[in-house]
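K.L.:
Below is one structure. I have some questions about it.
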Amino acid sequence: MRVLIVEDNDHLRKSIVDYLRDESFAVDSAADGEEGLYKVLNWDYDILLLDVMLPHRDGFEVLQELRKAGKTLPVLMLTARGELSDRVHGLNNGADDYLAKPFEMEEMVARVRAGIRRSNGKPAPHLVVGPITLNTSTRMATLHGKPVELTAREYALMEILATRREEAVSRNYLYEHLFDERDDTLSNMLDVYIYKLRQKFGREHIQTRRGFGYQLTA
Amino acid sequence: MIQLPQSIRWQIFVYYSALIATAIVLLGASHLVVISRELEQKAGLKMQAQLQGVFPFIFPPSRFNPGGPPTPPSKEEMDARLQNRQFREMIEMITSQNQFLIAVFHTGEIRYSSDNVPSDFQHPEDIGFPERLATQVVRSSLTVTSFSPRGDGVIMGVPLISVYEPLKGEVTGTILVGLAAFTVISLPGYWLIGRGLRPIHQISDAAKRISAGDLSERIDMTSQRSELGQLAGTLNQTFQRLQEALQRQVQFTADASHELRTPVAAILADCQFSLKKERPVERYLETIGVCQDSARHMSQLIERLGLLAKFDGQDTLLERESLDLRELAEQAAGVIEPLAHEQGLSFEMDLQPGLVLADRLRLGQAVINLLNNALRYNQPQGWIRLSTGEDRGKAFVEVEDSGVGIPADKIDKVFERFFRVDASRSKNTGGSGLGLAITKSIVEAHGGTIRVFSQHGRGSRFRIDLPAKN
């Protein structure tokens, strides 16, 4: 899952990026509204974390612009003003959720996950595909009720496939959502992960659809 | 002592009613006294007239011998006559030796003593009866007395109760009229007092609403010239000041919490990242660095906000002294000029005397703030100009720079707290967005004004005007 964080306080931005990467998200960041808007319009993110008070363009402006451009990704606003008027203002402008500074990092991560789940139309934390179950809050996978050991990247790939189950997910999409601007990936990295997942869950569940991409099936 | 109700309305009403009741009772009583005097007079006159008939009745002319003393009637004869008497009043006849001849009591008892008749007894009419009449109240009777020069006397009397008999109806009437008058006078009094006290209720209602939390509430003042209207005015002014003070507090709290939220969030975020699991030492050091930076930023904010809160709208904290703005500017220039030269800026001064009554330290801080901004937002090879002087009763300090200037749409906001012309700028220049707000509050505490003239891209000119000291 790929996240964009737009926050002008250098320390806070870096901490959030580190924390989310630790939770195996792919994370991009921007320090002002201009840069943030550019990135969100040009790459495909699963969720946007947006500060309100930003240089050049404030969070509300960025939000308005990206909705105007037809971007429907979930937006979690970070605000130093906890007041109701701000909340109403933001929600009217198409924000999905709010987090008032200062906040607990665990709560931030939980809201990021919930935001992504809701936007995929699967509000429950469990993703079930036949015998495979993924718990998105503990990031544990089971096959026929037995735990399956996964690395952070493997889990992230599995989660993307499970979220878009019964759908062919393109290699491009997987690259965009698995790796962030920091990663200098080799194109065959994805093949390695797919190979490993097939070993752990069985070939029949992860199918290659030539010309389209990969698909998780029951 | 009777416990009076606590309400002022009731207390005034009770005293007022007591006064009215007293007045009515006095009036009624005097009315009854006058009437009773009339009754007594009437009864007295009636008795005097009757007295005339008493003598012929008691001493009929037949009992008198011509030229000699009369022969008193015998007891039996007298008893018989008195039993049939025409008058109901009490009668006593006494001799000058204080011996009674006849005593007829109003109970009906009759005593008669023919033995007491003095030997030289003359017919009463011969010795001037019934002359020298006197009517008076003796004990519980109204009496008419008449004495001859010799000292023989006749006393006629009626019990006062029978004299006052007609008074009974009069008393009832007077009480009824008195009660009616009391009701008619005192009840409107209750209403009148309530009306007079209405402003007090308005004041207390407003005070109640204010104490319930709505500080924007004011007392409705319909009668501003009355004593209570003046009180209401004074209270309204007090409420106004309180509201302003509270607003400043609220503003301060909001500002402080708003500005402190981000650094706190940074500390919390980085600490939680570092503590989540074991990290390399470098990462821990980085976290400590984040904490230190954020703490410094917060401490600076707190200090500046404290300064602002202190000065907002009041000059009580100023330590005013007579000082020359030229001297003040020279001191400030001493701090800033070397820094300007370091940055390659030229520093010009045009200092004329300008006497003011001001706080040397605070006003100096205000001037340094302006110079700091001129330094911070200048352009390479630019200049700063500092001037002081006096102009039309005002002493002024002016700081002009060749800096980046302020866009026209943002010039109104430069004195607002936490406003930055370009928010990203603060990162490089270290501004908190409070400098100009502090400067403004210091100048205003001195009773002065601060204005800004600026053209975007060409520089700014800040001017402080203060009342000049003569």
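K.L.:
Checking A:Ser85 against (1) small (Gly, Ala, Ser); (2) modelled with pLDDT under 90; (3) under 25 Å from B:Ser294 (Cα atoms), which test does it fail?
P.N.:
Of the numbered conditions (1) small (Gly, Ala, Ser); (2) modelled with pLDDT under 90; (3) under 25 Å from B:Ser294 (Cα atoms), the odd one out for A:Ser85 is (3).
K.L.:
Are there any pairs, at least 6 apart or on different chains, whose C-beta atoms fall under 9 Å, with the first in region B:35-50 and of a type in the set (Asp, Glu) and the second surrounded by fewer than 16 Cβ atoms within 10 Å (Cβ to Cβ), and if so, which?
P.N.:
From region B:35-50, the pairs are B:Glu40/B:Val137.
K.L.:
Follow-up question, since we're still on this one. Restricting to region B:151-196, name every residue that is open to solvent by 70 Å² or more (accessible area, probe 1.4 Å) and of a type in the set (Ser, Thr, Tyr).
P.N.:
Across region B:151-196, the qualifying residue is only B:Thr172.
K.L.:
Residues that are under 16 Å from the mean Cα position of the chain (by Cα) and closer than 23 Å to A:Leu49 by Cα: list the helices (runs of 4 or more DSSP H) wholly contained in region A:116-218 that include at least 3 such residues.
P.N.:
Helices (runs of 4 or more DSSP H) meeting the threshold: A:152-163, A:171-178.
K.L.:
Would it be correct to say that B:Leu318 is part of a loop (DSSP other than H, G, I, E, B) and either surrounded by fewer than 20 Cβ atoms within 10 Å (Cβ to Cβ) or among the hydrophobic types (A, V, I, L, M, F, W, C) (or both)?
P.N.:
yes
K.L.:
Run A:Asp97 past the list (1) touching a residue at least 12 places away in the same chain (Cβ under 8 Å); (2) farther than 16 Å from A:Met77 by Cβ and report the number of the one that doesn't hold.
P.N.:
(2)
K.L.:
Looking at (1) open to solvent by 70 Å² or more (accessible area, probe 1.4 Å); (2) away from every other protein chain (no Cβ under 14 Å); (3) of a type in the set (Phe, Trp, Tyr), which is the only condition B:Phe239 fails?
P.N.:
In the conditions (1) open to solvent by 70 Å² or more (accessible area, probe 1.4 Å); (2) away from every other protein chain (no Cβ under 14 Å); (3) of a type in the set (Phe, Trp, Tyr), B:Phe239 misses (1) alone.
K.L.:
If you take the residues of region B:258-282 that are within 7 Å of chain A (Cβ to nearest Cβ), closer than 14 Å to A:Asp8 by Cβ and modelled with pLDDT under 90, which of them is surrounded by the fewest Cβ atoms within 10 Å (Cβ to Cβ)?
P.N.:
Per the stated criteria, the residue is B:Arg261.
K.L.:
If a residue must be closer than 18 Å to B:Ser294 by Cα, hydroxyl-bearing (Ser, Thr, Tyr) and free of Cβ contacts under 8 Å to residues at least 12 places away in the same chain, how many such residues does region B:231-277 contain?
P.N.:
2
K.L.:
Return only the number of the condition from (1) outside any helix (DSSP H, G or I); (2) in contact with a helix residue (DSSP H, G or I) (Cβ under 7 Å, 6 or more places away or on another chain) that B:Val335 does not satisfy.
P.N.:
So the condition that B:Val335 fails would be (1).
K.L.:
What are the residues in region B:372-412 that are surrounded by 17 or more Cβ atoms within 10 Å (Cβ to Cβ), touching a strand residue (DSSP E or B) at 6+ places or on another chain (Cβ under 9 Å) and polar (S, T, N, Q), if any?
P.N.:
Scanning region B:372-412 gives B:Asn373, B:Asn378, B:Ser387, B:Thr388, B:Ser402.
K.L.:
While we're looking at this one, here's another question. Considering only region B:360-371, how many residues are open to solvent by less than 10 Å² (accessible area, probe 1.4 Å) and among the β-branched types (Val, Ile, Thr)?
P.N.:
1
K.L.:
So in region B:431-470, with the set limited to residues that are in a loop (DSSP other than H, G, I, E, B) and modelled with pLDDT of 85 or more, which one is nearest to B:Asn378 (Cα to Cα)?
P.N.:
Within region B:431-470, the match that is nearest to B:Asn378 (Cα to Cα) is B:Arg458.
K.L.:
Another question, if that's okay. If you go through region B:90-103 one residue at a time, how many are open to solvent by less than 20 Å² (accessible area, probe 1.4 Å) and either in contact with a helix residue (DSSP H, G or I) (Cβ under 6 Å, 6 or more places away or on another chain) or in contact (Cβ under 8 Å) with a residue 24 or more places away in the chain (or both)?
P.N.:
Total satisfying the criteria: 5.
K.L.:
Against the condition within 20 Å of B:Asn369 (Cα to Cα), part of a helix (DSSP H, G or I), within 14 Å of chain A (Cβ to nearest Cβ) and open to solvent by less than 50 Å² (accessible area, probe 1.4 Å), how does B:Leu301 come out, does it pass?
P.N.:
Criteria met by B:Leu301.
K.L.:
Also, quick follow-up: Pairs, please: C-beta under 7 Å, at least 6 apart or cross-chain, first residue closer than 22 Å to A:Tyr173 by Cα and in region A:32-45, second β-branched (Val, Ile, Thr) and modelled with pLDDT of 90 or more?
P.N.:
Between residues of region A:32-45 that are closer than 22 Å to A:Tyr173 by Cα and residues that are β-branched (Val, Ile, Thr) and modelled with pLDDT of 90 or more, the close pairs are A:Gly36/A:Val6; A:Gly36/A:Val62; A:Leu37/A:Val62; A:Tyr45/A:Val3.
K.L.:
Let me ask another. If a residue must be open to solvent by 20 Å² or more (accessible area, probe 1.4 Å) and within 7 Å of another protein chain (Cβ to nearest Cβ), how many such residues does region A:92-103 contain?
P.N.:
Here the count works out to 1.
K.L.:
Tell me whether region A:132-144 contains one or more residues that are over 25 Å from A:Ala114 (Cβ atoms), of a type in the set (Lys, Arg) and open to solvent by 30 Å² or more (accessible area, probe 1.4 Å).
P.N.:
Checked region A:132-144: no residue is over 25 Å from A:Ala114 (Cβ atoms), of a type in the set (Lys, Arg) and open to solvent by 30 Å² or more (accessible area, probe 1.4 Å).
K.L.:
Within region B:328-359, can you find the residues that are surrounded by fewer than 16 Cβ atoms within 10 Å (Cβ to Cβ) and charged (D, E, K, R)?
P.N.:
B:Glu330, B:Glu342, B:Glu348, B:Asp350
The values are calculated or read from the model by the stated rules, or taken from the named source; none is laboratory data. Predicted, not measured: the structure shown is a model, and the values here were computed from it. Here Cβ is always computed from backbone atoms with ideal geometry, including for glycine, and neighbour counts include all displayed protein chains. Heavy atoms of the whole protein, side chains included, go into the accessibility calculation; ligands, DNA and RNA do not. Shrake-Rupley method; radii C 1.70, N 1.55, O 1.52, S 1.80 Å.
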